[in-house]
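Heads up, the thing below is written out as structure tokens.
Just so it is clear, none of the values below were taken in a lab; they were calculated from the coordinates. As the structure is a computational prediction, the values presented were derived from the model and not from experiment. All Cβ positions, glycine included, derive from the backbone under ideal geometry; neighbour counts span all protein chains shown.
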Amino acid sequence: MHTSDLAAPTESADPLRLLMARVALRDRAAFERLYRATSSHLYSIALRVLRDEGRADEVLQEAYVSVWQKAGSYQSDAATPMTWMINIVRNRAIDALRAGRHQRDTTVELNDEAMDVAAEAAGEPQALFDASLVKAHLDDCMLGLPPAQRQALALAYYRGMVHTEIAEMLHTPLGTIKSWVRRGLEQLKSCLDRAGVRQ
């Protein structure tokens, strides 16, 4: 009786801690309650950073996937659940902001390089060799991506499909497709950097 008397105030004082503990045990009902209790506040943080409702919504979805996956690593003595989740959302929003800028620049650079190779490579063995080496590294890097993400990226850049067409073909939410493509580009860039390939 004494134990239950102590437990009740603790839970009522910070219900999010209890929900987080249940989420760490893969309790989906607790995860839904956690989402309902915190999503509007976390969305406002993502929106404040990104100033774009669609991208803020994507970041929020990604953040909650991370919360579900990492709930077991949450340490209540280090931060409150809300502070912990705010950090996840803010970091992802900042990453998305940077990635959006770099993605636009990288896409233009890749397109320009592809045109340069097509125009200059004929009759130049070294240029052909360099182009084939880049393609080999790119193929290897593509194989390192998760299958669904690799497929979305291939449809976007090899078949020229837009995000909405890919979402329809793969029967996947548009926000997820955008995230797969964006993260795929980031991973490819990192992989090519590690291989010493100039982009």
ask   = Between Asn91 and Asp193, what is the FRET efficiency for a Förster distance of 25 Å, r being their Cβ-Cβ separation, to the nearest 0.05?
value = 0.75
query = Which trypsin sites (Lys or Arg not before Pro) from region 41-85 combine a DSSP loop assignment with at most 12 other Cβ atoms within 10 Å?
reply = Arg51
task = Give the order of Thr172, Thr83 when sorted by the count of other beta carbons within 10 angstrom, beginning with the fewest.
result = Thr83, Thr172
request  = Rank the residues Trp180, Trp84, Trp68 as a footprinting-exposure proxy: fewest other Cβ atoms within 10 Å of their Cβ go first.
outcome  = Trp68, Trp84, Trp180
